[in-house]
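Below you'll find the structure, written out as structure tokens, and then a few comments.
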Amino acid sequence: MVYSGKIRPVGNRVPLPDKSGKPALSWEGLYHTRFVDSGTSALSLAIRIARDLKPSVREPEVLLPGYGCPDIIAAAHAQGVTPVLVDLVPESPWMDTTLVSSKLSDNTVAIVAVNFLGLASPMEELSDLARRSGSLLIEDSAQRMPPSSAQTAKADLLVLSFGRGKPVNLMGGGALLVSHALEDQAQKSLSRFPVNSKRVTLKWALKRQIFNLLVSRICFGLLERIPLLRLGETRFKPLERITLERPIPGLLASGLSRFETAPDYRCELGKKLKVLDRHGWIRLPETQNHIDPSNTRLLRYSLLAPDAATRDYSVRSLNQAGVGANSFYGDVLPAIPGVIGSLRGAERLECAKDFASRLITLPVHEDVTSADIEGMVQVLLMSAQQKQ
Ligand SMILES: Cc1ncc(COP(=O)(O)O)c(C=O)c1O
């Protein structure tokens, strides 16, 4: 059989800087942008600001969803803040606001609403809860561009990531967006961190070329067979360093424009997968988006299978057909390999566990074609029918 490679799960190719372009940042009127070395650092600094605003709290806590990227735990630990995990609404990636309310205490310095694979977290109730409890609301939009608060101004602080598997891939970096009301505190809280100026070096240019080559179908399919590389594996990594950055001029502008103009297969895939509803599947982009859908570009297309066995079977079948589908983090946060340190709320995460066991994500990045979409639909329909 001819080897035709595999379509990677996520990640756009890295652009060249467009020096003529000043990025049109949709949040600019509402938030001040500070660039940092990663999304984890941006979230950690947001938590730092929240902590510094409540200096009398001896054991500060931050509320986080029980299912998510382990970097959010590392971000809290780096500031000496204890993550308190909150279970999700059934069959949804969003924190249950009744549980958020019950976990708020005098120790809470912030609530983190985490956008999911391009879908915007509901913010209204969280914003009310944060205000009433005197804590900050942080929108972690590492997985969505633009953040919903760019339109609604609901969050006090926003977090962006420009890492490899993110909407705007600049081979690393992130941004902390600070509401005008918090600007003075941000100046104080961030003043002790070092600043690094980024520029295009030969090393950067080579790394970009190599990265863009490796994400092609042929290379990705081969790389994935090397177990040592542990591609796609989720592991906990403590945050050891935070640096503020002066970014490469024009790089964010070209990254944003590339992301915004790439082909968008969300609607096509969503419509074709509608038949799965009858087989007990749930299409998350159609049921869980809390903002104007016309302003939504997905990072991956996410679905819940009727049960864990169907999910596992579907992931296997799609990968055999050359599609980098996966189950994303695979488990709730406390069960991710390497997660250590203080953590509360780990014992009651039933809905998050169910979500983790049934989630399947499909690629919808710039290199996915209509033929790939057709292929994914065929495989999923067959999986659904086989399980009947
Ligand atoms: C929701 C969320 N927050 C923060 C991060 C950390 O971003 P970075 O990889 O740029 O450190 C990630 C990374 O995947 C993420 O998914």
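The values are calculated or read from the model by the stated rules, or taken from the named source; none is laboratory data. In this text the structure is predicted, and so the values were computed from the model without any measurement. Every residue, glycine as well, gets a Cβ built from its backbone with ideal geometry; the counts of neighbours run over all protein chains shown. With ligands, DNA and RNA removed, areas are computed over all heavy atoms of the protein, side chains included. Shrake-Rupley method; radii C 1.70, N 1.55, O 1.52, S 1.80 Å.
Other residues lying with their Cβ under 11 Å from the Cβ of Leu43 contribute a combined charge of -2, Lys and Arg counting +1, Asp and Glu -1. In the context of the full set of protein chains, region 275-352 has a per residue accessible area of 44 Å² (1.4 Å probe).
Can you give the local net charge around Thr98? Use residues other than it whose beta-carbon is closer than 11 angstrom to its beta-carbon, Lys and Arg +1, Asp and Glu -1.
-2
Accessible surface of the chain, 1.4 Å probe: 53 percent of it comes from carbon and sulfur atoms.
Considered as an equivalent ellipsoid built on the Cα gyration tensor, the chain has semi-axes of 32, 26, 19 Å, the largest given first.
Please give me the summed charge of the neighbours of Leu304: other residues whose Cβ is under 12 Å from its Cβ, Lys and Arg +1, Asp and Glu -1. Before the final figure, lay out each step's value.
Numbers: positive: Arg283, Arg311, Arg358; negative: Glu91, Asp277, Glu286, Asp307, Asp354.
Within the 12 Å Cβ shell, the charges total -2.
The phi torsions of region 26-38, fed into the Karplus equation with coefficients 6.51, -1.76 and 1.60 and a -60° offset, translate into couplings of 5, 9, 4, x, 9, 9, 9, 9, 10, 8, 9, 7, 6 Hz, rounded to whole numbers, with Gly and Pro shown as x. Restricting to bridges with both residues inside region 36-120, how much of the DSSP beta-bridge set is antiparallel, in percent to the nearest 5? The antiparallel fraction comes to roughly 20 percent.
If r is the Cβ-Cβ distance from Ile340 to Glu374 and R0 is 45 Å, what FRET efficiency results, to the nearest 0.05?
On the way: r = 44 Å, r/R0 = 0.98.
Plugging the Cβ-Cβ distance into 1/(1 + (r/R0)^6) gives 0.50.
Label point of Glu260 set 7 angstrom out along Cα-Cβ; within region 158-183, amide nitrogens under 20 Å from it belong to 158-163, 166-171, 174-178.
A straight chain from Asp292 to Gln386 at 0.36 nm per residue would run longer than the Cα-Cα distance by 30.3 nm.
Given a 1.4 angstrom probe, what's the average accessible area per residue across region 1-108, in square angstrom? Walk me through the numbers on the way to the answer.
Values: 4290 Å² over 108 residues.
Averaged over the residues of region 1-108, the accessible area is 40 Å².
Let me know the shape class of region 1-99, please: from the alpha-carbon gyration tensor, a ≥ b ≥ c as square roots of the eigenvalues, rounded when a/c is under 1.5, otherwise prolate if a/b is greater than b/c, or oblate. Taking the square roots of the gyration eigenvalues as a ≥ b ≥ c, region 1-99 is oblate.
I need the peptides 150-162, 246-258, 70-82 ranked by packing, meaning the mean over residues of other C-beta atoms within 10 angstrom, with the highest value on top. Intermediate results must be reported in sequence, preceding the final value.
Details: 150-162: 24.4, 246-258: 19.8, 70-82: 22.4.
Packing proxy ranking, top to bottom: 150-162, 70-82, 246-258.
Distance from the C-alpha centroid of region 279-326 to that of region 34-57: 32 Å, rounded to the whole angstrom.
Over region 216-266, average the accessible area per residue using a 1.4 Å probe and give it in Å², no decimals. Kindly include the intermediate steps, with their values, before the conclusion.
Working: 3250 Å² over 51 residues.
With the other protein chains kept in place, region 216-266 gives 64 Å² per residue.
Between Ala120, Ala346, Ala175, the residue with the greatest mean-square fluctuation in the GNM of the chain (Cα pairs under 10 Å linked by springs) is Ala346. Size descriptors for region 262-386 (Cα atoms only): Rg and Dmax, in that order, 15.4, 47 Å.
Partners of Lys19 within straight-line reach, counting lysines whose Cα lies under 26 Å from its Cα and excluding those fewer than 8 residues away in the same chain: Lys166, Lys198, Lys203, Lys207.
Tell me whether region 118-228 comes out rounded, prolate or oblate; compute the Cα gyration tensor, take square roots of the eigenvalues as a ≥ b ≥ c, and use a/c under 1.5 as the rounded threshold. Display every interim value, and only then the final one.
Working: a/c = 3.17, a/b = 1.73, b/c = 1.84.
Oblate, because a/c is 1.5 or more while a/b does not exceed b/c.
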